[in-house]
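These notes are about the structure you will find just below.
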There are 2 protein chains.
Amino acid sequence: MKPKLTLKQIARELDVSISTVSKALRDSSEIGEETRKKIKAFAKLYNYRPNNIALSLKNRKTKTIGIIIPEIVHYFFTTVISGVEQVANEMGYNVIVCLSNNSFDKEVLNLEMLANGSTDGFILSMAKETMQKEDYHHLTEVTNQGMPVVLFDRVVDEIHCDKVIIDDVLGAKKAVQYLLDKGSKKIGLVSTVDYVSVGKLRTRGYLEVLRENNVEIDDKLILKIEDMDNSETEIKDFIDKNEVDAVFAVNEHFAIYAIKAIQEKGLKVPEDVSVIGFTDGELSKRFIPSLTTVSQHGERMGAEAARLLIDKLERKPEEEESYRTVIVETNLIERNSTKL
Amino acid sequence: MKPKLTLKQIARELDVSISTVSKALRDSSEIGEETRKKIKAFAKLYNYRPNNIALSLKNRKTKTIGIIIPEIVHYFFTTVISGVEQVANEMGYNVIVCLSNNSFDKEVLNLEMLANGSTDGFILSMAKETMQKEDYHHLTEVTNQGMPVVLFDRVVDEIHCDKVIIDDVLGAKKAVQYLLDKGSKKIGLVSTVDYVSVGKLRTRGYLEVLRENNVEIDDKLILKIEDMDNSETEIKDFIDKNEVDAVFAVNEHFAIYAIKAIQEKGLKVPEDVSVIGFTDGELSKRFIPSLTTVSQHGERMGAEAARLLIDKLERKPEEEESYRTVIVETNLIERNSTKL
DNA sequence: TTTCAACACTCAAACGTTTGCGCAAAATAC
DNA sequence: GTATTTTGCGCAAACGTTTGAGTGTTGAAA
């Protein structure tokens, strides 16, 4: 058990000063050829690596970015992390992951914890509770201290920072237009309550397309789930009571609950009813029938977010502030839950 | 944009020395009542928080643990992270997540990166490539430096450290015994090649139970998948060619490919053929029919791993070294892919 | 021989903390 | 009034780096 080599030890061992060692290892011209070689050889032999913490303190940057997400046991978020990680690692950054579990308090705690020197900046998707409370002081505080923040997916206008989102309205429009094009007339919508921004936006897309195509909007065909834990039975009720020839669901789970309900009603997917989901996860790919979905490209979002953040971090302070919002395109992935 | 308060600034502002500020904030009896109150009030007002990096350097501990996993877009690993995070946060630790993408080189890189002061210890599940190469020098090097490591799931005997695993043999035995109890006679096995330790162990469990029950072992009923990318067609072939009344698959995906193949063959699950999987993920729960599986309790494994690690970290150095292996129990979760 | 630049190296400060020790002034004891 | 203790605070070192300024030695130019 050898406790990690430091510059000081090398210096003592080789009978030179600490700064000589440091400079030799960084190929400074101040150090003579011979000494430099000797020091480098020694360092290599004993596998010297500079201490990151000391470097962080000196340079006032940690080369670490924090990512705070509502939950990790969730396909979309894992793909985002994956994207962040890839770009971050390429650029020599580490990634600290924290979970808010959709709790406002834990989000605040995590942010405070990491803001005290542990990370250079944040990538964050807001907790549901935070969006309900509309309390963003913890975020503004962090940005006020000069730490860059990139928001993704769950985003609010009140916070001035870089953002990475998808065009939820457009994504929904693509999906519903597709259903109309395939001949569907009565398209049901399974969405969430409006304070969840994505639910609201996707609902708007649904409504817009119907209007653009002069299809009458029937409020009875719109279901807004309040209680996530009870979504399965709510959806079953909805399907049982209404006659639809297509369903657009704002996420994977709602989509497969809809399919279950439709099948239990004695109808077939996609022959009798087409179903489209949102967010392309494991479930969509493997389910039988596999789901036609609007893909959300989490990995790309993560990569974009990381790029935005690192850009800010490595920019000279002279350059003026400006905030960008990157919109990642959605695609409709055609599979077997919609008729051809 | 105010750039973060330090002890030095408080000291200057209040016209006392840095050490006085530090001591006052830590309620040292050396500091007079009045000064202490004044300093505390000031610190509170301007929301002083000690700099973590400086503390890390001073205390030679970071209160951060690193977790390196083969991939994150994978239900089991996310549940593990979730478990680690929970315990770590409770104990005041942060979690750095790194992905090896099953690559030996990236595992080494990540480990080196984090070992230079960024973390106090590691929780790790080995990359597939590492297990093939059987090269563990990067791990032994880290443990030699006195950094605790906890291995989970993919584990090897060669490395001396704490471990968290499930009893794969027993889990498999439970599953196969269950099938036998329900009257299955010809039980197929869909496993992986033997260098993946879990595949080997689960296969052993399958074989043991059959022997214990005096059921003849038919090698034709055992499929070992070589190429993961081609698993679906391999499984389809296997099901088409063999007559089985039950299938035990060593993971979720294999299980649902088996179900697909069975259904395409014109048979019904579970009426004609029962299927049991391993690892309880999203897919198992939502698939139709939902899957009977051996649950792996990732969250519990993560929590155990975190506890083991933090235990080591906070133990006095005098106490002697000893390594524990925690075996997390598996349960059979009965759902709809097996007959009642 | 003196002067001065070039060379090769060391010193010391800084990043933000914590903490043992020293020291002055005030409070107490004699 | 002096001697001693107590109180309240500051100094400086340490954690492991980097880096500008300083220093001593050499060799060559004047």
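The values are calculated or read from the model by the stated rules, or taken from the named source; none is laboratory data. Quick caveat: nothing in here was measured; it's all calculated off a predicted structure. Please note: Cβ atoms are built from the backbone with ideal geometry, for glycine as well, and neighbour counts cover all protein chains shown. All accessible areas refer to the heavy atoms of the entire protein, side chains included, with ligands and DNA or RNA removed. Shrake-Rupley method; radii C 1.70, N 1.55, O 1.52, S 1.80 Å.
Would you confirm, using the coordinates I've provided, whether residue A:243 is free of Cβ contacts under 8 Å to residues at least 24 places away in the same chain and not assigned by TED's automatic domain parsing to the domain that holds residue A:150? In short, no. When the range B:131-150 is filtered for residues that are within 12 Å of chain A (Cβ to nearest Cβ) and among the charged types (D, E, K, R), only B:141 remains. All conditions in (1) closer than 24 Å to residue A:76 by Cβ; (2) of a type in the set (A, V, I, L, M, F, W, C); (3) touching a strand residue (DSSP E or B) at 6+ places or on another chain (Cβ under 6 Å) hold for residue A:261, with the sole exception of (3). Residues satisfying the criterion are absent from the range A:90-102 (criterion: within 30 Å of residue B:91 (Cβ to Cβ), free of Cβ contacts under 8 Å to residues at least 60 places away in the same chain, within 16 Å of DNA strand C (Cβ to nearest atom) and at the interface with chain B (Cβ under 8 Å from one of its Cβ atoms)).
Per the conditions (1) open to solvent by less than 50 Å² (accessible area, probe 1.4 Å); (2) under 25 Å from residue A:183 (Cβ atoms), the sole criterion not satisfied by residue A:231 is (2).
If you go through the range B:18-37 and keep only what is surrounded by 11 or more Cβ atoms within 10 Å (Cβ to Cβ), small (Gly, Ala, Ser) and more than 8 Å from DNA strand C (Cβ to nearest atom), you end up with B:24, B:32. Within the range B:124-153, if we keep just the residues that are open to solvent by 30 Å² or more (accessible area, probe 1.4 Å) and in contact (Cβ under 8 Å) with a residue 60 or more places away in the chain, the residue that is farthest from residue B:194 (Cα to Cα) turns out to be B:128. Determine, yes or no, whether residue B:160 is touching a residue at least 40 places away in the same chain (Cβ under 8 Å) and either farther than 21 Å from residue B:77 by Cα or open to solvent by 20 Å² or more (accessible area, probe 1.4 Å) (or both). So residue B:160 fits the description; yes.
The combined condition, being more than 19 Å from residue A:288 (Cα to Cα) and aliphatic (A, V, I, L, M), is not fulfilled by residue B:235.
Do we find that residue B:290 is under 26 Å from the mean Cα position of the chain (by Cα), farther than 20 Å from residue B:154 by Cβ, free of Cβ contacts under 8 Å to residues at least 60 places away in the same chain and not assigned by TED's automatic domain parsing to the domain that holds residue B:124 in this structure? Against the criterion (under 26 Å from the mean Cα position of the chain (by Cα), farther than 20 Å from residue B:154 by Cβ, free of Cβ contacts under 8 Å to residues at least 60 places away in the same chain and not assigned by TED's automatic domain parsing to the domain that holds residue B:124), residue B:290 qualifies. Contact map, the range B:7-32: first residue within 14 Å of chain A (Cβ to nearest Cβ), second residue of a type in the set (S, T, N, Q) and within 7 Å of DNA strand D (Cβ to nearest atom), Cβ cut-off under 9 Å, separation 6 or more or different chains; pairs are B:7/B:19.
Got at least one residue in the range B:42-58 being touching a residue at least 12 places away in the same chain (Cβ under 8 Å), more than 12 Å from chain A (Cβ to nearest Cβ) and not hydroxyl-bearing (Ser, Thr, Tyr)? Within the range B:42-58, one or more residues are touching a residue at least 12 places away in the same chain (Cβ under 8 Å), more than 12 Å from chain A (Cβ to nearest Cβ) and not hydroxyl-bearing (Ser, Thr, Tyr).
Only a single item in (1) away from DNA strand C (no atom under 11 Å from the Cβ); (2) open to solvent by less than 100 Å² (accessible area, probe 1.4 Å) is not met by residue B:9, and it is number (1).
Considering each residue of the range A:167-176 in turn, at least one proves to be over 24 Å from the mean Cα position of the chain (by Cα), touching a residue at least 40 places away in the same chain (Cβ under 8 Å) and buried (at least 17 other Cβ atoms within 10 Å of the Cβ). Listed by position, the helices (runs of 4 or more DSSP H) enclosed by the range A:183-298 that each have at least 2 residues that are within 14 Å of chain B (Cβ to nearest Cβ) are A:231-241, A:252-264, A:282-286. Taking the range B:117-130 as the region of interest, how many residues are part of a loop (DSSP other than H, G, I, E, B) and either more than 16 Å from DNA strand C (Cβ to nearest atom) or away from chain A (no Cβ under 14 Å) (or both)? Going through the range B:117-130 one residue at a time, the tally reaches 6. Reported count of residues in the range A:5-47, each being under 30 Å from residue B:160 (Cα atoms), of a type outside the set (A, V, I, L, M) and either outside any loop (DSSP other than H, G, I, E, B) or within 7 Å of DNA strand D (Cβ to nearest atom) (or both), is 4.
For residues that are within 16 Å of DNA strand D (Cβ to nearest atom) and assigned to a loop (DSSP other than H, G, I, E, B), scanning just the range B:48-101, find the one that is surrounded by the most Cβ atoms within 10 Å (Cβ to Cβ). Going through the qualifying residues, I end up with B:62. In this structure, does residue A:19 turn out to be farther than 20 Å from residue B:118 by Cα and of a type in the set (S, T, N, Q)? Yes, satisfied.
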